[in-house]
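**Q** First the structure, which I've put down as structure tokens, then a few questions once you've had a look.
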Amino acid sequence: MKIGSYWPVFCTMTDMKVAIPHWRGRVSPVLDAANRLVLCERTDRGTVVREDILLADTDPGTRVDALHQLGVEKVICGTVSQCLRRALEAAGIQIQANICGDVETVIEACLNDRLADSKFSMPGSQHRQQHQRQRRHGWNR
């Protein structure tokens, strides 16, 4: 299913097709269980095309094949099993895990190179814990 949404690009997003699994408007917490993806790709005219994809099969090999056929170069997700992670990496697909939040906000952060912000880190992730320690000790003032 294709959704014809476009966003102006005002950032340094690299030219790559990015997939974000989603559920109820948020980044899906587990890539392996997600059945919907938002694909984002910047066009030559400086806009980002968004396409909503339905994944019917949960088999890791079939999922990797589907992502590869769609031309996905990077997956932004919550968590991912080691089996699926290894298969994605073997197929040359980058993974940026431990990301959470509203899909629209995550896409905007990706466009603006702000996904490293701790508000996009999954609860319990090392990045979020490190940021909280720094705030408690006053290290990031």
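**Q** Using amide H atoms built in the peptide plane, which far-off residues or other-chain residues are under 5 Å from SER121 H to H?
**A** CYS100
**Q** Gain in length, ALA97 to HIS68, computed as 0.36 nm per residue apart minus the alpha-carbon separation, to one decimal in nm?
**A** 8.6 nm
**Q** Please give me the summed charge of the neighbours of ALA109: other residues whose Cβ is under 13 Å from its Cβ, Lys and Arg +1, Asp and Glu -1.
**A** -3
**Q** If you don't mind, there's one more thing I want to ask. State the extension gain, in nm to one decimal, for the chain segment bounded by ASP15 and ASP59, taking 0.36 nm per residue of separation less the distance between their alpha-carbons.
**A** 13.0 nm
**Q** How much length would be gained if the chain were fully extended between ALA90 and ARG36, taking 0.36 nm per residue of separation minus their Cα-Cα distance, in nm to one decimal?
**A** Roughly 17.2 nm would be gained on extension.
**Q** State, to one decimal in nm, how far the label point of TRP23 lies from the label point of ASP117, with both points 7 Å from Cα in the Cβ direction.
**A** 2.5 nm
**Q** Can you list residues from other chains, or at least 5 along the same chain, whose modelled amide H is less than 5 Å from the amide H of GLN94?
**A** Placed amide hydrogens put LYS74, VAL75 under 5 Å from GLN94.
No value in this document is a laboratory result; all are computed from the given coordinates. Everything quoted here is computed from the prediction, not taken from an experiment. Positions of Cβ are backbone-derived with ideal geometry, glycine not excepted, and every protein chain shown enters the neighbour counts.
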